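Only one structure is covered here, and it is reproduced in the block below.
The values are calculated or read from the model by the stated rules, or taken from the named source; none is laboratory data. Since we're looking at a predicted model, the values are computed, not measured. Reconstructed Cβ throughout: ideal geometry from the backbone, glycine too, with neighbour counts over all protein chains shown.
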2 protein chains.
Amino acid sequence: MASVGRSGPKPGVETRERLLAAAESLFMEQGFRSTSLREITARAKVNLAAVNYHFGSKDALVREVLQRRLGPLNEARVQYLDRLEAEASGPLPVERILEALLLPALRLSRNPLEHGSTVLRLLGRAFSEPGDYMKDFLPDQYRVAARRFQQALGRAMPHLPESELVWRMHFTFGAIAYVMAGDDALQLVASCQAPEADNPEAIVRRLVPFLAAGLQAPTAPPLDGSPPTLAGTLPRRAA
Amino acid sequence: MASVGRSGPKPGVETRERLLAAAESLFMEQGFRSTSLREITARAKVNLAAVNYHFGSKDALVREVLQRRLGPLNEARVQYLDRLEAEASGPLPVERILEALLLPALRLSRNPLEHGSTVLRLLGRAFSEPGDYMKDFLPDQYRVAARRFQQALGRAMPHLPESELVWRMHFTFGAIAYVMAGDDALQLVASCQAPEADNPEAIVRRLVPFLAAGLQAPTAPPLDGSPPTLAGTLPRRAA
DNA sequence: GTCTATAATAAGATAGAC
DNA sequence: GTCTATCTTATTATAGAC
């Protein structure tokens with residue numbers, strides 16, 4: 001139904017794509033709520049009204065931008081996880097499950113077809129502004145994948161109570177989102193700049209050991225000083 | 001210089017406090033940027049113009065709300081850390097350093113003098129919207145405390161390269177901020193609701209082992225498959 | 001499909017009476 | 001100190017010519 005190049009003043013077909021690309025990069029830099037349609041259409045070099053013509057509203061544009069990335073990303077994550085489990089004999093070690101969670105995002109971020117490269121930060125933003133645009137949208141997008149990873153992690157750490165696992169996944173996603181959102185927050189921590197802040201692969205390589213250790217940590221004592229139970233299978237450090 | 005109860009239509013002295021309280025609770029629930037002055041003055045049951053009279057601008061109000069909490073909080077954290085170090089002989093275990101980071105926030109959140117109790121979420125919000133209102137404000141507020149904790153953690157894990165430590169602190173703050181921001185994001189992870197989501201103490205008790213293990217995790221192999229080095233002192237799990 | 005022009009809303013800030 | 005009324009600005013969204 002769409003045009004194939006007719007009589008419009010501009011090339012025609014690519015306006016929608018230009019808008020998605022401009023919106024994505026601006027959302028990445030500034031967040032969703034802080035970015036106006038005027039900024040988006042200016043960067044895309046299209047008319048302001050084009051947003052409403054192609055998407056209907058700013059909300060719909062936001063959803064479209066996210067869906068374009070999150071859909072394939074979570075599919076890739078689950079597929080990656082499926083493949084790892086199919087190849088392995090027993091339950092996967094936690095580190096490999098984290099790989100399945102992080103590497104597809106890393107690949108996406110370095111796909112030269114995607115203009116700006118750092119799609120990671122867009123995802124971080126999405127998790128950093130949950131109450132604004134994606135109150136009921138993001139959960140649907142993530143619930144399937146989240147359940148799948150919870151299942152895998154539960155198999156990797158059969159002794160960890162489910163309630164504890166849920167919390168630790170929450171902590172994990174928090175660390176991931178924060179790191180992915182990037183830029184501003186980084187300067188808060190260090191007097192010195194964190195090294196390699198712009199290299200996603202380096203970040204992932206540092207993140208996996210941190211999260212794997214956290215996920216497999218001994219559980220806290222109930223409330224008194226009784227000894228902690230061993231949480232997971234502790235594949236590397238078991239005696 | 002301020003009034004002591006004169007001829008104004010309303011009680012008088014407490015308008016400023018009412019504004020701070022209303023703003024704080026609304027920022028907590030919706031974030032900073034999403035909250036308008038009109039909502040704030042409506043909840044505080046004061047006139048719209050009062051904000052500009054007492055604070056000068058919305059930005060100044062935001063800073064005031066944050067400073068009222070973050071200042072004392074970070075002071076308490078550093079004092080707590082100082083006291084722990086004074087009492088201890090050697091370097092502190094990582095778990096205790098994390099205590100110093102989290103318990104003062106926990107106490108603040110349960111101070112019955114503070115109306116709504118969950119000040120934690122305000123702090124989480126502050127870290128979740130870094131680019132908006134606190135671009136240069138939050139860093140100043142945190143830099144001193146952050147350096148202090150980096151120092152303590154460096155002593156606890158003398159073998160961990162500083163670059164690695166900075167990143168791990170970053171991951172740590174991310175997990176903390178995400179958990180503190182609370183509410184919306186929590187539903188993303190689990191089909192089931194996370195237990196005790198409204199009990200800060202329970203969250204802290206689960207968070208400390210997770211973060212302590214992450215901070216002390218073995219470092220990643222450089223790029224190939226060479227064996228990881230032991231990062232910190234691993235006080236509990238050392239062979 | 002694209003554009004100009006404009007409507008409709010909501011925001012932060014101020015002036016000036018009381 | 002507080003209030004009403006208003007200004008200015010920025011936003012999303014639309015109507016209608018081309």
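Considering the conditions (1) within 16 Å of DNA strand D (Cβ to nearest atom); (2) at pLDDT below 95, B:Thr41 is excluded by exactly one of them, (2). Note on the stretch B:49-102: residues that are within 16 Å of DNA strand D (Cβ to nearest atom), of a type outside the set (S, T, N, Q) and over 20 Å from B:Arg143 (Cα atoms) amount to 11. In the stretch B:204-222, the residue that is nearest to B:Gly154 (Cα to Cα) out of those that are surrounded by fewer than 21 Cβ atoms within 10 Å (Cβ to Cβ) and free of Cβ contacts under 8 Å to residues at least 40 places away in the same chain is B:Pro218. Going by what's in this entry, would B:Ser163 be described as surrounded by fewer than 22 Cβ atoms within 10 Å (Cβ to Cβ) and at pLDDT 75 or above? In short, yes.
Could you check the stretch A:38-64 and list, in sequence order, the residues that are within 12 Å of DNA strand C (Cβ to nearest atom) and either among the hydroxyl-bearing types (Ser, Thr, Tyr) or crowded, with 18+ Cβ neighbours inside 10 Å (or both)? The answer is A:Thr41, A:Ala44, A:Val46, A:Ala50, A:Val51, A:Tyr53, A:Phe55. With respect to (1) within 8 Å of chain B (Cβ to nearest Cβ); (2) buried (at least 17 other Cβ atoms within 10 Å of the Cβ); (3) at pLDDT 90 or above, the lone exception for A:Ser128 is condition (3). Taking residues in the stretch B:44-55 that are without any contact (Cβ under 8 Å) to a residue 12 or more places away in the chain, and partners anywhere that are near DNA strand C (Cβ under 9 Å from one of its atoms) and basic (Lys, Arg), the pairs with Cβ atoms closer than 8 Å and at least 6 places apart or on different chains are B:Leu48/B:Arg38. Filter the stretch A:11-33 for residues that are more than 10 Å from DNA strand D (Cβ to nearest atom), within 14 Å of chain B (Cβ to nearest Cβ) and in contact with an Asp or Glu (Cβ under 7 Å, 6 or more places away or on another chain) and give the result. Those that are more than 10 Å from DNA strand D (Cβ to nearest atom), within 14 Å of chain B (Cβ to nearest Cβ) and in contact with an Asp or Glu (Cβ under 7 Å, 6 or more places away or on another chain): A:Leu26, A:Gly31. Only one entry in B:Gln67, B:Gln151 is exposed (fewer than 15 other Cβ atoms within 10 Å of the Cβ) and at pLDDT below 95, namely B:Gln67. Within the stretch A:34-76, which residues are within 14 Å of chain B (Cβ to nearest Cβ) and over 15 Å from A:Leu20 (Cβ atoms)? Within the stretch A:34-76, A:Ser34, A:Ser36, A:Asn74 meet the criteria.
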